[in-house]
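Where a number appears in this text, it was derived from the coordinates with a stated rule and is not lab data. This one's a predicted model, so the numbers in the text were calculated from it and none came from an experiment.
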Amino acid sequence: KLKGCLNISGDKSISHRSVILGAMSIGQMEIHNLLESKDIMSTINILRKLGVKIKKNNEVWIVNGVGTCGFKQPNQKLDAGNSGTTSRLMFGAVATNPINTTFTGDKSLSSRPMSRVTNFLEDIGVKINLTKNNYLPVSIQGTQDCLPLKHIITKPSAQIKSSIMLAAINISGKTSIIEKQATRDHTEIMFKYLGIKFEKKINKNGQAQIIINGPKEILAKNIHVASDPSSAAFFTVGALITPGSNIEIKNVCLNKTRIAYIKILKQMGGNIVVKKIGKLSGESIGNIKVKYSYLKSIVINKKLAPYLIDEYPILAIAASRAKGVTKMQGLSELRYKESDRLKSIHENLIASKIDSSIKNDDLIIKGSCEQLIGNNKITTYHDHRIAMSFSILNLICKKPLKIDNLKCIEISYPKFEQDLKSILDNG
Ligand code: S3P
């Protein structure tokens, strides 16, 4: 069972944004509780190649900003590793600087779509070369003469929105961004916190519109990164499905666009108590208490997909222990993550003797409270969230699961195993 109190690492989305905006600001920014994972190191290493001085002093990261148009011409390719957020956000950040850059990535990232972002940057006048029109390596010929345009984003993706927002800071005139469906809003929150003025309004049809009247200057301001709610989700489900568990996770980011999974787990019967305690650099934070619970199935509407996008793998584990049939609808975007997550979740559930099926883009899981034997292989496809989700399922298996790759957890949460061990009570 899981018992005790836990402080988990900083949020991945906020960490990326804090180093990028620190680099684009004037002055020195201190970042506290920055997530020190492989994805964040990819962003830091790219920024260093662009001439930004970033160092760690005791537990604090210090970024010496170069301004919104101060990136230097790099003499090497920019390797985004496994990180979609690094590549897509950095495309927008470099697009308005008069430099030529080439972005590369690992095998997984090189098979993920990039034109969803670069199409918008081409519209504003940036010359971009993609591999097979959609993939890394991507070469960008940045320009200071970008156009202020109105962009309508149809795919729900915070990465697309954020990329355009980062470009807009350095464009003269009014850039306007309309999202058909709202996505996570960390970029807006950090803009506000750093005093980068913009307008956000809700149009008559209910769609949000962001207006940035550039160019803007950013003055460095220290940032404290709230703990990652997506990482907290693993222990939350771990405690819910492991008899006798009772845990508390502290100082977690409670941004509304990130904690839809808590609402879902509560509707499934989860005993979860959330207490808001305040704000950290513009983001709401609080403590989450979780006890072992008898779970029941649920139907999750596709409208919620943007707010659950990183939590479906661990929600699938919860569903596998819930009485009845859980339907997760409209998961097409899951196919474009670090692995084809719809496939990787389903295949590994089946391998673990859990009743799972895919119908179009829906994942259907029949839960059971019978003892799981375990001992089967889990194929992670080097996907950190698949590795962590099945590490949680492993807690309730009679014999250990043979997870083929635990190292990939370093992508988002190097302290995962250490934190899990700290609350594991074998007594
Ligand atoms: C992220 C947005 C999400 C999410 C990813 C991080 C971000 O991707 O899956 O882990 O930091 O903006 P999309 O917005 O592309 O779905």
Paired Rg and Dmax values of region 19-157, which use every Cα atom, in angstrom:
14.8, 44
For region 354-366, in order, what is each residue's ³J(HN,Hα) by Karplus, 6.51 cos²θ - 1.76 cosθ + 1.60 with θ = phi - 60°, in whole Hz (x at glycine and Pro)?
10, 6, 9, 8, 10, 10, 6, 10, 9, 10, 10, 10, 9
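Can you give the relative contact order of region 212-278 as a percent, counting alpha carbon pairs under 8 Å and 6+ residues apart? Display every interim value, and only then the final one.
Values: 26 pairs, mean separation 22.0, N = 67.
Answer for region 212-278 is 33 percent.
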C-alpha long axis of helix 84-95 to longest principal axis of the chain, angle in °
10
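For region 272-427, what class follows from the C-alpha gyration tensor (a ≥ b ≥ c being the square roots of its eigenvalues): rounded when a/c is under 1.5, otherwise prolate if a/b is larger than b/c, else oblate? If you can, show how the numbers build up before the last one.
Details: a/c = 1.29, a/b = 1.12, b/c = 1.16.
Here region 272-427 falls in the rounded category.
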How far is the Cα center of region 396-424 from the Cα center of region 1-63, in Å?
23
Per residue of the chain, what 222 nm ellipticity follows from adding -39500 (n - 2.57) for every DSSP H run with n ≥ 4, rounded to the nearest 500?
-9000 deg cm²/dmol
In whole µm²/s, the translational diffusion coefficient that Stokes-Einstein assigns to region 103-184, given a Kirkwood hydrodynamic radius over C-alpha pairs, 25 °C and 0.890 mPa s, equals 185
How many angstrom lie between the Cα centre of region 174-190 and the Cα centre of region 366-385?
36
What's the whole-number percent of alpha carbon pairs in region 235-333 lying beyond 18 angstrom?
47
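Above 29 angstrom, tally the Cα pairs of the chain and express them as a % of all pairs, no decimals.
Values: 40047 of 90951 pairs.
When all Cα pairs of the chain are counted, 44 percent exceed 29 Å.
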Per-residue HN-Hα couplings for region 46-55 [Karplus 6.51, -1.76, 1.60; θ = phi - 60°; Hz; x = Gly/Pro]:
5, 4, 4, 5, 8, x, 8, 8, 10, 9
Apply the a/c threshold of 1.5 to the C-alpha gyration tensor of region 222-261 and tell me whether it is rounded, prolate or oblate.
prolate
Euclidean distance between Cα centres, region 206-230 to region 86-136, Å:
21
When DSSP assigns beta bridges and you keep just the ones with both residues in region 291-367, what percent turn out antiparallel, to the nearest 5?
75
